[in-house]
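Peer 1: Below is the structure I would like to discuss, written out as structure tokens.
Readers should treat all values here as calculations from the given coordinates under stated rules, not as data from a laboratory. Here the structure is a predicted model, which means the values were calculated and not measured. Note: ideal-geometry Cβ built from the backbone for every residue, glycine included; neighbour counts use all protein chains shown.
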Amino acid sequence: MIQLKKVTKTYGEGDNAFQALKGVDLNIEKGDFVAIMGPSGSGKSTLMNILGALDKPTTGTYLLNKQDVGKLSDSRLADFRNKEVGFIFQQFNLLKRTSVYDNVAMPGLYGGLPKLDERIRAVVKEVGLSDKLNNKSNELSGGQIQRVAIARALLMEPAIIMADEPTGNLDSKATKEILNILLNIHKAGNTIILITHEPYIAEYAQRTIKLFDGLIESDKKNGSRRRKL
Ligand code: ADP
Ligand code: MG
């Protein structure tokens, strides 16, 4: 489904140029659950931005479902992001003083989703927050807010869910809840790419990719070492 070939990403120009990705080859199949690890500055977020079409490779190609993402126009790219990728970030970027319902609705308003109301209620139920539908996001705990972010990411039924340190700001109980939801989403057939600093969190994934200085250092199936909740 996802195919990166010799992808590089250079920020800046001339003397200030910095190559954050130095030639990444990567295949991810539909339904895979991949953890991406690596020290700070190793290129994890850069890789996620490219996979999520927030940014284009400097060189190399990114094929998603055989479509060359680097060749899409900006408007096709925006459309692609809205429909095919669900993002979950560490800093829960929800609108404050706005209800759970309205926060989750956002991507559907942009794209014009049929049966929006039904879909909102379904994804909010999926993350176990049906009783909070009309609460404002500032009335929720960190873990609940992150669950809203997951519901919003699921709304458009994207091909891929990308989570950049989604539990980085959460306590262990809320972290468990989020992992549980991600595992259920995966079981339902979604493809998940999860960036994490925590080795024990990576062990919930099927496969762990380690980045170092802009290159893939290792890429292993978790197999029988895979952790369960
Ligand atoms: P990670 O997520 O693994 O911490 P990043 O992908 O955020 O790493 O960053 C990789 C490298 O690229 C870092 O050295 C960072 O300073 C640099 N970098 C990231 N974004 C930019 C940018 N917009 N401009 C310049 N350098 C950047
Ligand atoms: Mg990062």
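Peer 1: State yes or no: is Phe33 touching a His at 6+ places or on another chain (Cβ under 6 Å), away from ligand 2 (no atom under 16 Å from the Cβ) and of a type outside the set (S, T, N, Q)? Spell out the reasoning first.
Peer 2: Numbers: touching a His at 6+ places or on another chain (Cβ under 6 Å): yes; away from ligand 2 (no atom under 16 Å from the Cβ): yes; of a type outside the set (S, T, N, Q): yes.
Here the answer is yes, as Phe33 does meet what is asked.
Peer 1: Has region 87-108 got any residue that is assigned to a strand (DSSP E or B) and under 24 Å from Asn134 (Cβ atoms)?
Peer 2: If we filter region 87-108 for residues that are assigned to a strand (DSSP E or B), which is where we start, we get 87-88, 99.
When the remaining residues are screened for being under 24 Å from Asn134 (Cβ atoms), the result is 88, 99.
Yes, region 87-108 contains at least one residue that is assigned to a strand (DSSP E or B) and under 24 Å from Asn134 (Cβ atoms).
Peer 1: Given the structure, is Thr61 over 19 Å from the mean Cα position of the chain (by Cα) and more than 21 Å from Glu157 (Cβ to Cβ)?
Peer 2: Values: over 19 Å from the mean Cα position of the chain (by Cα): yes; more than 21 Å from Glu157 (Cβ to Cβ): yes.
In short, yes.
Peer 1: Scan Asp25, Asp55, Asp79 and give me the residue that is among the charged types (D, E, K, R) and assigned to a helix (DSSP H, G or I). Break it down into steps so the answer makes sense when it comes.
Peer 2: Details: Asp25 fails: assigned to a helix (DSSP H, G or I); Asp55 fails: assigned to a helix (DSSP H, G or I).
Asp79 is the lone residue from the list that is among the charged types (D, E, K, R) and assigned to a helix (DSSP H, G or I).
Peer 1: Does Lys210 satisfy the condition of being closer than 23 Å to Gln3 by Cα, among the basic types (Lys, Arg) and in contact (Cβ under 8 Å) with a residue 60 or more places away in the chain?
Peer 2: Details: closer than 23 Å to Gln3 by Cα: yes; among the basic types (Lys, Arg): yes; in contact (Cβ under 8 Å) with a residue 60 or more places away in the chain: yes.
So Lys210 fits the description; yes.
Peer 1: Would you pick out the residues in region 26-81 that are surrounded by 17 or more Cβ atoms within 10 Å (Cβ to Cβ), under 24 Å from Gly12 (Cα atoms) and of a type in the set (Val, Ile, Thr)?
Peer 2: If the condition is that a residue be surrounded by 17 or more Cβ atoms within 10 Å (Cβ to Cβ), under 24 Å from Gly12 (Cα atoms) and of a type in the set (Val, Ile, Thr), then Thr46, Ile50, Val69 are the ones that fit.
Table: residues versus (1) exposed (fewer than 14 other Cβ atoms within 10 Å of the Cβ); (2) within 15 Å of Gly128 (Cβ to Cβ).
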site	(1), (2)
Arg147	no, yes
Ile161	no, no
Glu217	yes, no
Leu229	yes, yes
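Peer 1: How about region 82-97: which of its residues are surrounded by fewer than 16 Cβ atoms within 10 Å (Cβ to Cβ) and in contact with a helix residue (DSSP H, G or I) (Cβ under 8 Å, 6 or more places away or on another chain)?
Peer 2: In the first step, residues of region 82-97 are kept if they are surrounded by fewer than 16 Cβ atoms within 10 Å (Cβ to Cβ); the result is 91, 93, 95-97.
Across region 82-97, the qualifying residues are Asn93, Leu95, Lys96, Arg97.
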